[in-house]
Amino acid sequence: MSEDIPEADRAPDAPHPRMTDRLFGQEAAERAFLEAWNSGRPHHGWLLTGPNGVGKATLAWRIARFLLTDPPARADTLDPTPGHPALPRIRALSEPGLMLLRRGWDDKGKKLATQITVDEVRRLGGFFGLSSGGRRVVIVDPADDLNPSAANALLKLLEEPPTGATLLLVSHQPARLLPTIRSRCRVLRLGPLGLDALSAAVEQAGGDPAAITPMAEGSTGAALRLARGGAEIYDKVADLFATPSLDRGAARAIADACAGKAGTERLEATLAALDRLLHRAARAGLIGVPQDAEGAEAKALARLAPHDVAARAWARIAQEIDDRAAHARAVNVDPTAIVWDALARIDAQSRRV
């Protein structure tokens, strides 16, 4: 792939997961896969779930390297066979036994597609036809991006998998996948990283472990994003809802900063900030404002979530905003409008508390 074309499954300013050799803090998930492998009957479909940025894609690529480098019948580690000729091909995305499904590049619009389309999934027909025999691995990252037609096409493969095929589905929100897809996959759940593992993962990704804040909540991706300005965005979002009356000028400035192609990363960081605030509000309504909340965030959480009824409302609003944002991006709604819609919905709900 040209270096000028962004990769949908790669975080900004971080190496692609296929270039990341080590996985930190997810030993339980690795053991679970090895136990299945050593049983002699590993499942053909695997669903890797957990919060954003905890290593799901890194684990998928570790499994792919393991499977495509002639692993022993019984293995103690997912480390691939050293020096195997498939390793450089996997890094270059030229290994015949590997297929990666992700949002593609739209040459006409000069931007990444908003969904994984059925045409992408149909490429698997040729992949399995040309690579008949031997072990073959498909990575879908993330499966959450499959549109309905693509999801149904992938389901057919999970129902009747080709011989020697292993499908690895990365999912941040498995509840949004078809129940039939979930039921045909074995689940590997990855949890938040401890501080030592998080520090090592951040350093491996080129970040500064000293910049990690509690807001990262065990996520390498969140730690890197916060260090790139995400913490500032979160503070601005929290400040908006710390007082009863929404500062519409400040809200408009937050939305306008996401405009245009240059605002793509800003949009993701802003939506992540809103999601964090709402989920923190949902927890605060149940157990009180967390001790690590300070300043504007503490005021916002106290105002938004004084009781459990509000907590349930914020959990629902968070899901609605996520769904609406995903749909809006799929039909190319202006990013400014996406953020403004989310802020307006939060403001409207805050007036009902």
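The values are calculated or read from the model by the stated rules, or taken from the named source; none is laboratory data. A quick note: this is a predicted structure, and the numbers were derived from the prediction, not measured. Neighbour counts are summed over all protein chains in view; Cβ atoms, including those assigned to glycine, are modelled from backbone coordinates with ideal geometry.
Taking interchain pairs and intrachain pairs at least six residues apart, which have beta carbon atoms under 7 angstrom, with the first residue in region 29-47 and not assigned by TED's automatic domain parsing to the domain that holds Glu159 and the second assigned to a loop (DSSP other than H, G, I, E, B)?
Between residues of region 29-47 that are not assigned by TED's automatic domain parsing to the domain that holds Glu159 and residues that are assigned to a loop (DSSP other than H, G, I, E, B), there is no close pair.
Consider Val137 carefully, then state whether it is surrounded by 22 or more Cβ atoms within 10 Å (Cβ to Cβ), without any contact (Cβ under 8 Å) to a residue 24 or more places away in the chain and aliphatic (A, V, I, L, M). First the steps, then the outcome.
On the way: surrounded by 22 or more Cβ atoms within 10 Å (Cβ to Cβ): yes; without any contact (Cβ under 8 Å) to a residue 24 or more places away in the chain: no; aliphatic (A, V, I, L, M): yes.
No; evaluated as a whole, the condition is false for this residue.
Counting only residues that are assigned to a loop (DSSP other than H, G, I, E, B) and surrounded by 15 or more Cβ atoms within 10 Å (Cβ to Cβ), how many does region 339-353 have?
The number of residues fulfilling the criteria is 1.
Counting only residues that are in a helix (DSSP H, G or I) and within 19 Å of the chain's Cα centre (by Cα), which one in region 121-147 is nearest to Ala64 (Cα to Cα)?
My answer is Ala143.
Looking at region 9-59, which of its residues are at pLDDT 95 or above, part of a loop (DSSP other than H, G, I, E, B) and crowded, with 22+ Cβ neighbours inside 10 Å?
Leu23, Gln26, Gly50, Val54, Gly55
Matching residues to (1) within 15 Å of Asp275 (Cα to Cα); (2) in a helix (DSSP H, G or I); (3) touching a Phe, Trp or Tyr at 6+ places or on another chain (Cβ under 7 Å):
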{"site": "Val187", "(1), (2), (3)": "no, no, no"}
{"site": "Gly221", "(1), (2), (3)": "yes, yes, no"}
{"site": "Ala238", "(1), (2), (3)": "yes, yes, no"}
{"site": "Gly249", "(1), (2), (3)": "no, yes, no"}
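Residue check: is Ala242 in contact (Cβ under 8 Å) with a residue 24 or more places away in the chain, of a type in the set (Gly, Ala, Ser), more than 18 Å from Val54 (Cα to Cα) and not in a helix (DSSP H, G or I)?
Spelling it out, Ala242 is indeed in contact (Cβ under 8 Å) with a residue 24 or more places away in the chain, of a type in the set (Gly, Ala, Ser), more than 18 Å from Val54 (Cα to Cα) and not in a helix (DSSP H, G or I).
Return yes or no: is Gly218 small (Gly, Ala, Ser), touching a residue at least 24 places away in the same chain (Cβ under 8 Å) and surrounded by fewer than 17 Cβ atoms within 10 Å (Cβ to Cβ)?
Details: small (Gly, Ala, Ser): yes; touching a residue at least 24 places away in the same chain (Cβ under 8 Å): yes; surrounded by fewer than 17 Cβ atoms within 10 Å (Cβ to Cβ): no.
No.
Suppose we keep only residues that are buried (at least 17 other Cβ atoms within 10 Å of the Cβ) and either not in a helix (DSSP H, G or I) or not small (Gly, Ala, Ser) (or both) within region 284-302. Which one would you say is farthest from the chain's Cα centre (by Cα)?
Taking the candidates together, the pick is Lys299.
May I ask you to list pairs of residues, at least six apart or on different chains, whose Cβ atoms are under 9 Å apart, with the first in region 312-337 being surrounded by 14 or more Cβ atoms within 10 Å (Cβ to Cβ) and the second being in a helix (DSSP H, G or I) and among the polar types (S, T, N, Q)?
Short answer, once both residue conditions are applied: Ala313/Gln349; Trp314/Gln349; Ile317/Gln349; Pro335/Thr264; Pro335/Thr270.
In region 72-80, is there at least one residue being closer than 23 Å to Ala143 by Cβ and either of a type outside the set (A, V, I, L, M) or modelled with pLDDT of 95 or more (or both)?
Yes, because at least one residue in region 72-80 is closer than 23 Å to Ala143 by Cβ and either of a type outside the set (A, V, I, L, M) or modelled with pLDDT of 95 or more (or both).
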